[in-house]
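Shown next, in C-alpha coordinates, is the structure this report addresses.
The values are calculated or read from the model by the stated rules, or taken from the named source; none is laboratory data. Bear in mind the structure is a predicted one, so any value in this text is a computation, not a measurement. Quick reminder, even Gly has a Cβ in these numbers, built from the backbone with ideal geometry, and neighbours come from all protein chains shown. Accessible surface is based on the protein model in full, side chains and every heavy atom, while ligands, DNA and RNA are left aside. Shrake-Rupley method; radii C 1.70, N 1.55, O 1.52, S 1.80 Å.
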Amino acid sequence: MGFLRIRTTVDERPGRLASLAAALAEKGGNILGMSVQSDTDGTVDEFVAEIPAGPEVVREALEAAGGRRVKVVAATAHQLTDEPTRALLLASRLRAMPWRLPELLGELLRADDSRWVYGSDMSDLPDPTLLTVPVAPRRAIRVRRADLPFTLTEAARAASFVRLAQPPPHQPAGTERAVRLSDGAETQVRPLTPLYREAVRDLHDRCSPEARRFRYFTSMPMLPPRVFDRLCDRTRGHSLVAGHDGQVVALANLMFTPDPGIAEMAFLVEDRWQGRGLGAALARMIVGEARDLGFAEVKATLLSDNVRMRRLLVSLGATMSHTEDPGVVEARLAVGVMATASPS
(Lines give C-alpha, C1' and ligand atoms only; values in the text may rest on other atoms or scores of the structure.)
Protein backbone atom coordinates (compact mmCIF):
# COMPACT_ATOMS: atom_id res chain seq x y z
CA MET A 1 0.00 0.00 0.00
CA GLY A 2 1.43 3.37 -1.03
CA PHE A 3 0.70 7.06 -0.68
CA LEU A 4 -0.84 8.91 -3.64
CA ARG A 5 -1.51 12.57 -4.22
CA ILE A 6 -4.71 12.88 -6.22
CA ARG A 7 -6.17 15.97 -7.84
CA THR A 8 -9.36 16.27 -9.85
CA THR A 9 -11.61 19.05 -11.13
CA VAL A 10 -15.34 18.69 -10.46
CA ASP A 11 -18.45 20.69 -11.23
CA GLU A 12 -19.77 22.68 -8.28
CA ARG A 13 -22.73 20.46 -7.48
CA PRO A 14 -23.87 19.03 -4.14
CA GLY A 15 -22.66 15.49 -3.56
CA ARG A 16 -19.64 15.55 -5.89
CA LEU A 17 -17.12 15.37 -3.04
CA ALA A 18 -19.01 12.49 -1.46
CA SER A 19 -18.94 10.62 -4.78
CA LEU A 20 -15.18 11.00 -5.07
CA ALA A 21 -14.62 9.87 -1.48
CA ALA A 22 -16.82 6.85 -2.06
CA ALA A 23 -14.90 5.94 -5.21
CA LEU A 24 -11.61 6.04 -3.30
CA ALA A 25 -13.08 4.00 -0.45
CA GLU A 26 -14.27 1.37 -2.93
CA LYS A 27 -10.65 0.92 -4.03
CA GLY A 28 -9.50 0.48 -0.46
CA GLY A 29 -8.28 4.06 -0.05
CA ASN A 30 -7.83 5.79 3.28
CA ILE A 31 -7.99 9.59 2.85
CA LEU A 32 -5.31 11.19 5.06
CA GLY A 33 -5.40 14.75 3.80
CA MET A 34 -7.70 16.90 1.68
CA SER A 35 -8.03 20.44 0.32
CA VAL A 36 -10.51 22.24 -1.91
CA GLN A 37 -9.29 24.93 -4.34
CA SER A 38 -10.88 27.23 -6.89
CA ASP A 39 -9.90 27.21 -10.55
CA THR A 40 -11.11 28.72 -13.80
CA ASP A 41 -13.65 26.01 -14.71
CA GLY A 42 -14.70 24.39 -11.46
CA THR A 43 -13.53 23.25 -8.07
CA VAL A 44 -10.30 21.31 -7.65
CA ASP A 45 -10.39 18.62 -4.97
CA GLU A 46 -7.03 17.31 -3.81
CA PHE A 47 -6.47 14.22 -1.67
CA VAL A 48 -3.50 12.52 -0.10
CA ALA A 49 -4.51 8.90 0.36
CA GLU A 50 -3.03 5.58 1.37
CA ILE A 51 -4.39 3.17 -1.19
CA PRO A 52 -3.44 -0.27 -2.57
CA ALA A 53 -4.71 0.48 -6.08
CA GLY A 54 -2.37 1.81 -8.74
CA PRO A 55 -2.54 5.34 -10.20
CA GLU A 56 -4.34 4.27 -13.38
CA VAL A 57 -7.04 2.36 -11.47
CA VAL A 58 -7.58 5.35 -9.18
CA ARG A 59 -7.79 7.72 -12.13
CA GLU A 60 -10.45 5.61 -13.87
CA ALA A 61 -12.50 5.30 -10.66
CA LEU A 62 -12.55 9.05 -10.09
CA GLU A 63 -13.44 9.81 -13.70
CA ALA A 64 -16.37 7.43 -13.37
CA ALA A 65 -17.42 9.36 -10.23
CA GLY A 66 -17.52 12.66 -12.13
CA GLY A 67 -13.94 13.86 -11.87
CA ARG A 68 -12.28 15.74 -14.74
CA ARG A 69 -8.57 16.15 -15.54
CA VAL A 70 -7.68 13.64 -12.86
CA LYS A 71 -3.99 13.62 -11.89
CA VAL A 72 -2.51 10.89 -9.69
CA VAL A 73 1.12 11.06 -8.59
CA ALA A 74 3.19 9.33 -5.95
CA ALA A 75 3.30 11.03 -2.54
CA THR A 76 5.51 10.70 0.51
CA ALA A 77 4.75 10.61 4.20
CA HIS A 78 6.03 14.18 4.74
CA GLN A 79 3.15 15.47 2.59
CA LEU A 80 0.79 14.44 5.40
CA THR A 81 1.78 17.45 7.50
CA ASP A 82 -0.95 19.93 8.37
CA GLU A 83 -0.92 22.43 5.49
CA PRO A 84 -1.67 25.62 7.48
CA THR A 85 1.08 24.71 9.94
CA ARG A 86 3.52 24.04 7.09
CA ALA A 87 2.67 27.38 5.43
CA LEU A 88 3.15 29.27 8.72
CA LEU A 89 6.54 27.65 9.30
CA LEU A 90 7.64 28.59 5.78
CA ALA A 91 6.38 32.16 6.33
CA SER A 92 8.44 32.36 9.52
CA ARG A 93 11.54 31.20 7.66
CA LEU A 94 10.88 33.75 4.91
CA ARG A 95 10.63 36.65 7.36
CA ALA A 96 14.00 35.65 8.79
CA MET A 97 15.64 34.98 5.40
CA PRO A 98 13.82 36.94 2.63
CA TRP A 99 16.73 36.42 0.22
CA ARG A 100 15.69 32.72 0.06
CA LEU A 101 12.31 33.66 -1.44
CA PRO A 102 12.54 31.46 -4.60
CA GLU A 103 13.57 28.39 -2.61
CA LEU A 104 10.86 28.81 0.03
CA LEU A 105 8.17 29.60 -2.54
CA GLY A 106 9.13 26.38 -4.30
CA GLU A 107 8.71 24.50 -1.02
CA LEU A 108 5.31 26.09 -0.42
CA LEU A 109 4.02 24.93 -3.82
CA ARG A 110 5.93 21.60 -3.75
CA ALA A 111 7.51 22.65 -7.05
CA ASP A 112 10.22 20.94 -9.08
CA ASP A 113 12.02 24.21 -9.79
CA SER A 114 11.79 27.84 -8.64
CA ARG A 115 14.05 30.61 -9.93
CA TRP A 116 14.31 34.34 -10.67
CA VAL A 117 13.28 35.67 -14.08
CA TYR A 118 13.86 39.20 -15.31
CA GLY A 119 12.48 41.69 -17.83
CA SER A 120 10.96 40.13 -20.92
CA ASP A 121 11.28 36.65 -19.43
CA MET A 122 8.56 37.60 -16.92
CA SER A 123 5.76 37.23 -19.50
CA ASP A 124 3.22 34.53 -18.72
CA LEU A 125 3.59 31.33 -20.70
CA PRO A 126 0.59 29.23 -21.89
CA ASP A 127 1.69 26.29 -19.76
CA PRO A 128 -0.33 25.34 -16.65
CA THR A 129 2.73 23.67 -15.12
CA LEU A 130 4.53 27.05 -14.98
CA LEU A 131 3.57 29.86 -12.62
CA THR A 132 5.13 33.35 -12.81
CA VAL A 133 4.85 35.32 -9.57
CA PRO A 134 5.72 39.06 -9.82
CA VAL A 135 8.02 40.38 -7.08
CA ALA A 136 8.92 43.83 -8.44
CA PRO A 137 8.25 45.73 -11.69
CA ARG A 138 11.20 44.04 -13.41
CA ARG A 139 11.61 40.83 -11.42
CA ALA A 140 9.52 37.72 -10.87
CA ILE A 141 9.87 34.11 -9.77
CA ARG A 142 9.08 31.34 -12.25
CA VAL A 143 7.89 28.13 -10.57
CA ARG A 144 7.63 24.80 -12.39
CA ARG A 145 5.79 21.65 -11.33
CA ALA A 146 5.63 19.02 -14.01
CA ASP A 147 3.05 16.64 -12.52
CA LEU A 148 0.29 18.94 -11.28
CA PRO A 149 -0.88 22.17 -12.95
CA PHE A 150 -1.18 25.23 -10.72
CA THR A 151 -4.62 26.41 -9.64
CA LEU A 152 -5.91 29.94 -9.10
CA THR A 153 -5.88 29.28 -5.37
CA GLU A 154 -2.20 28.36 -5.50
CA ALA A 155 -1.43 31.49 -7.54
CA ALA A 156 -3.14 33.59 -4.84
CA ARG A 157 -1.18 31.79 -2.11
CA ALA A 158 2.08 32.44 -3.98
CA ALA A 159 1.29 36.16 -4.36
CA SER A 160 0.51 36.46 -0.64
CA PHE A 161 3.70 34.59 0.27
CA VAL A 162 5.81 36.92 -1.89
CA ARG A 163 4.32 39.97 -0.17
CA LEU A 164 5.81 38.74 3.10
CA ALA A 165 9.30 39.35 1.66
CA GLN A 166 8.57 42.98 0.77
CA PRO A 167 9.67 45.88 3.01
CA PRO A 168 7.15 46.51 5.83
CA PRO A 169 4.52 49.13 4.98
CA HIS A 170 5.62 51.27 7.96
CA GLN A 171 8.92 51.99 6.15
CA PRO A 172 7.84 54.43 3.41
CA ALA A 173 10.15 55.82 0.76
CA GLY A 174 10.72 58.96 2.80
CA THR A 175 12.07 57.20 5.91
CA GLU A 176 14.95 59.06 7.52
CA ARG A 177 17.61 57.33 9.60
CA ALA A 178 20.22 58.92 11.83
CA VAL A 179 23.78 57.53 11.67
CA ARG A 180 26.25 58.37 14.42
CA LEU A 181 29.85 57.98 13.25
CA SER A 182 32.96 56.86 15.10
CA ASP A 183 33.94 60.44 16.00
CA GLY A 184 30.48 61.32 17.33
CA ALA A 185 29.30 63.23 14.24
CA GLU A 186 25.76 62.48 13.11
CA THR A 187 24.38 62.28 9.58
CA GLN A 188 20.85 61.83 8.32
CA VAL A 189 20.29 59.17 5.64
CA ARG A 190 17.33 59.47 3.30
CA PRO A 191 16.26 57.93 -0.03
CA LEU A 192 17.52 59.85 -3.06
CA THR A 193 14.84 61.94 -4.80
CA PRO A 194 14.97 64.70 -7.45
CA LEU A 195 14.87 67.16 -4.54
CA TYR A 196 18.59 66.52 -4.00
CA ARG A 197 19.72 67.27 -7.56
CA GLU A 198 21.62 70.45 -6.64
CA ALA A 199 23.00 68.97 -3.42
CA VAL A 200 24.38 65.95 -5.28
CA ARG A 201 25.93 68.29 -7.86
CA ASP A 202 27.62 70.17 -5.03
CA LEU A 203 28.84 66.86 -3.57
CA HIS A 204 30.61 66.07 -6.85
CA ASP A 205 32.14 69.55 -6.87
CA ARG A 206 33.61 69.03 -3.40
CA CYS A 207 34.92 65.49 -4.02
CA SER A 208 38.53 65.10 -5.14
CA PRO A 209 39.27 63.73 -8.65
CA GLU A 210 40.50 60.52 -6.98
CA ALA A 211 37.25 60.03 -5.04
CA ARG A 212 35.26 60.49 -8.25
CA ARG A 213 37.61 58.16 -10.14
CA PHE A 214 37.10 55.42 -7.57
CA ARG A 215 33.31 55.77 -7.99
CA TYR A 216 33.01 56.22 -11.77
CA PHE A 217 36.38 54.93 -13.06
CA THR A 218 36.95 58.44 -14.41
CA SER A 219 37.32 61.77 -12.62
CA MET A 220 33.82 62.81 -13.65
CA PRO A 221 33.52 66.49 -12.62
CA MET A 222 29.73 66.39 -12.52
CA LEU A 223 26.94 63.82 -12.64
CA PRO A 224 25.06 64.02 -15.98
CA PRO A 225 21.34 64.78 -15.52
CA ARG A 226 20.29 61.53 -17.21
CA VAL A 227 22.44 59.51 -14.79
CA PHE A 228 20.99 61.36 -11.80
CA ASP A 229 17.44 60.71 -13.06
CA ARG A 230 18.27 57.02 -13.46
CA LEU A 231 19.52 56.84 -9.88
CA CYS A 232 16.21 58.37 -8.69
CA ASP A 233 14.15 55.81 -10.64
CA ARG A 234 13.04 53.20 -8.09
CA THR A 235 12.15 50.75 -10.85
CA ARG A 236 15.90 50.61 -11.64
CA GLY A 237 17.25 50.62 -8.10
CA HIS A 238 17.30 52.27 -4.70
CA SER A 239 19.71 55.07 -3.77
CA LEU A 240 20.46 56.82 -0.49
CA VAL A 241 22.01 60.18 0.42
CA ALA A 242 23.70 61.04 3.71
CA GLY A 243 23.35 64.65 4.81
CA HIS A 244 24.94 66.88 7.42
CA ASP A 245 24.40 70.58 8.11
CA GLY A 246 22.39 71.09 4.91
CA GLN A 247 24.86 69.32 2.61
CA VAL A 248 24.84 65.87 0.98
CA VAL A 249 28.13 64.28 2.05
CA ALA A 250 27.71 60.78 0.57
CA LEU A 251 25.75 58.93 -2.09
CA ALA A 252 25.03 55.17 -2.02
CA ASN A 253 23.44 53.29 -4.91
CA LEU A 254 21.78 49.88 -5.20
CA MET A 255 21.17 49.15 -8.89
CA PHE A 256 19.15 46.30 -10.37
CA THR A 257 21.06 44.24 -12.93
CA PRO A 258 20.12 41.91 -15.80
CA ASP A 259 21.02 39.00 -13.49
CA PRO A 260 17.90 38.00 -11.54
CA GLY A 261 18.55 37.92 -7.83
CA ILE A 262 21.72 40.06 -8.04
CA ALA A 263 22.00 43.80 -7.46
CA GLU A 264 25.03 46.08 -7.75
CA MET A 265 26.14 48.66 -5.20
CA ALA A 266 28.41 51.69 -5.41
CA PHE A 267 29.34 54.59 -3.13
CA LEU A 268 30.66 58.15 -3.30
CA VAL A 269 31.78 59.64 0.03
CA GLU A 270 33.15 63.17 0.28
CA ASP A 271 36.88 63.10 1.14
CA ARG A 272 36.59 64.73 4.56
CA TRP A 273 33.94 62.17 5.57
CA GLN A 274 35.99 59.12 4.61
CA GLY A 275 37.53 56.92 7.29
CA ARG A 276 34.83 57.83 9.84
CA GLY A 277 32.51 54.83 9.43
CA LEU A 278 30.00 56.44 7.06
CA GLY A 279 30.85 54.12 4.17
CA ALA A 280 30.41 51.05 6.37
CA ALA A 281 27.03 52.29 7.65
CA LEU A 282 25.77 53.02 4.14
CA ALA A 283 27.00 49.64 2.90
CA ARG A 284 25.05 47.84 5.62
CA MET A 285 21.92 49.86 4.76
CA ILE A 286 22.27 49.12 1.05
CA VAL A 287 22.73 45.40 1.66
CA GLY A 288 19.72 45.51 3.97
CA GLU A 289 17.64 47.10 1.20
CA ALA A 290 18.77 44.35 -1.18
CA ARG A 291 17.76 41.72 1.35
CA ASP A 292 14.30 43.26 1.88
CA LEU A 293 13.78 43.41 -1.89
CA GLY A 294 14.46 39.68 -2.16
CA PHE A 295 17.92 39.79 -3.74
CA ALA A 296 20.25 36.93 -2.87
CA GLU A 297 23.52 38.69 -3.64
CA VAL A 298 25.05 42.11 -4.22
CA LYS A 299 28.17 42.81 -6.21
CA ALA A 300 30.50 45.78 -6.59
CA THR A 301 33.00 46.53 -9.34
CA LEU A 302 35.95 48.62 -8.17
CA LEU A 303 39.41 49.70 -9.16
CA SER A 304 42.12 47.48 -7.72
CA ASP A 305 43.87 50.45 -6.09
CA ASN A 306 40.72 51.40 -4.16
CA VAL A 307 42.19 49.91 -0.99
CA ARG A 308 39.73 51.50 1.44
CA MET A 309 36.68 50.10 -0.36
CA ARG A 310 38.25 46.67 -0.78
CA ARG A 311 38.97 46.53 2.96
CA LEU A 312 35.40 47.61 3.78
CA LEU A 313 33.77 45.02 1.54
CA VAL A 314 35.96 42.22 2.85
CA SER A 315 35.02 43.23 6.41
CA LEU A 316 31.36 42.78 5.44
CA GLY A 317 32.07 39.25 4.24
CA ALA A 318 32.50 39.84 0.49
CA THR A 319 34.76 37.71 -1.67
CA MET A 320 37.04 39.34 -4.24
CA SER A 321 37.81 38.06 -7.72
CA HIS A 322 39.83 39.39 -10.66
CA THR A 323 38.20 40.48 -13.91
CA GLU A 324 39.49 40.52 -17.48
CA ASP A 325 40.77 44.03 -16.78
CA PRO A 326 43.85 43.76 -14.50
CA GLY A 327 43.01 47.11 -12.94
CA VAL A 328 39.48 46.09 -11.91
CA VAL A 329 38.24 43.62 -9.28
CA GLU A 330 34.75 42.42 -8.45
CA ALA A 331 33.35 41.89 -4.97
CA ARG A 332 30.38 39.61 -4.30
CA LEU A 333 28.46 39.45 -1.07
CA ALA A 334 25.63 37.03 -0.20
CA VAL A 335 23.18 39.20 1.71
CA GLY A 336 22.56 36.46 4.26
CA VAL A 337 26.17 36.31 5.45
CA MET A 338 26.99 40.00 5.88
CA ALA A 339 29.39 40.41 8.77
CA THR A 340 29.27 43.26 11.26
CA ALA A 341 31.74 45.83 9.98
CA SER A 342 33.67 48.08 12.31
CA PRO A 343 33.77 51.72 11.25
CA SER A 344 36.79 52.38 9.04
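Here are a few things to note about the model shown:
- What the Cα atoms of region 1-46 give is an Rg and a Dmax of 11.0, 34 Å.
- DSSP-assigned coil residues among GluC sites (Glu not before Pro) in region 144-233, each with at most 13 further Cβ atoms within 10 Å: Glu176
- Enclosing the Cα atoms of region 125-275 in their convex hull gives a volume equal to 153 cubic angstrom per residue.
- Scattering curve values for region 232-338, log₁₀ I(q)/I(0), Debye with Cα scatterers, q = 0.15, 0.20, 0.22 Å⁻¹: -0.61, -1.08, -1.26
- Efficiency of FRET between Ala18 and Glu63 - r from beta-carbon atoms, R0 22 angstrom, step 0.05: 0.85
- R0 of 25 Å, Cβ-Cβ distance Arg230-Arg115: FRET efficiency to nearest 0.05: 0.40
- Region 254-338: GluC sites (Glu not before Pro) in DSSP coil with no more than 14 other Cβ atoms inside 10 Å: Glu324
- When the alpha carbon gyration tensor of region 33-100 is reduced to an equivalent ellipsoid, the three semi-axes, largest first, read 30, 16, 10 Å.
- The 1.4 Å probe gives accessible areas that order Asp39, Asp245, largest first, as Asp245, Asp39.
- The mean accessible area for residues of region 200-303, using a 1.4 Å probe and ignoring ligands and nucleic acids, is 38 Å² per residue.
- P(r) for the chain, from all Cα pairs and a bin width of 10 Å, is 5, 21, 25, 17, 12, 10, 7, 3, 0 %, short bins first.
- Diffusion constant of region 1-136 at 10 °C, which comes from Stokes-Einstein with the Kirkwood Cα-pair radius and 1.306 mPa s, µm²/s: 95 µm²/s
- Accessible surface ranking that places the most exposed of Met309, Met222, Met320 first, with a 1.4 angstrom probe: Met222, Met320, Met309
- Here Val73 and Ala334 are evaluated by their C-beta separation; at R0 = 30 Å the FRET efficiency comes out at 0.30.
- Prolate/oblate/rounded label for region 69-143 (Cα gyration tensor, a/c 1.5): oblate
- Rolling a 1.4 angstrom probe over the protein heavy atoms with all chains in place gives region 1-127 an accessible area of 52 Å² per residue.
- Of all accessible heavy-atom area on region 181-328, the percent that carbon and sulfur account for (1.4 Å): 52 percent
- GluC sites (Glu not before Pro) restricted to region 3-76 and DSSP loop, no more than 15 other C-beta within 10 Å: Glu12
- On region 44-167, 58 percent of the accessible area sits on carbon and sulfur atoms, based on a 1.4 Å probe.
- Mean separation of Cα pairs under 8 Å and 6 or more residues apart, divided by the residue count, gives region 193-261 a relative contact order of 26 percent.
- All-pairs Cα distance distribution in region 247-310, expressed in whole percent, bin size 10 Å: 20, 50, 27, 3
- Solvent-accessible surface of protein heavy atoms, probed at 1.4 angstrom with all chains present, puts Trp273, Trp116 in the order Trp116, Trp273, largest first.
- Inverse mean reciprocal Cα-Cα distance (Kirkwood Rh) of region 182-258, Å: 13.1 Å
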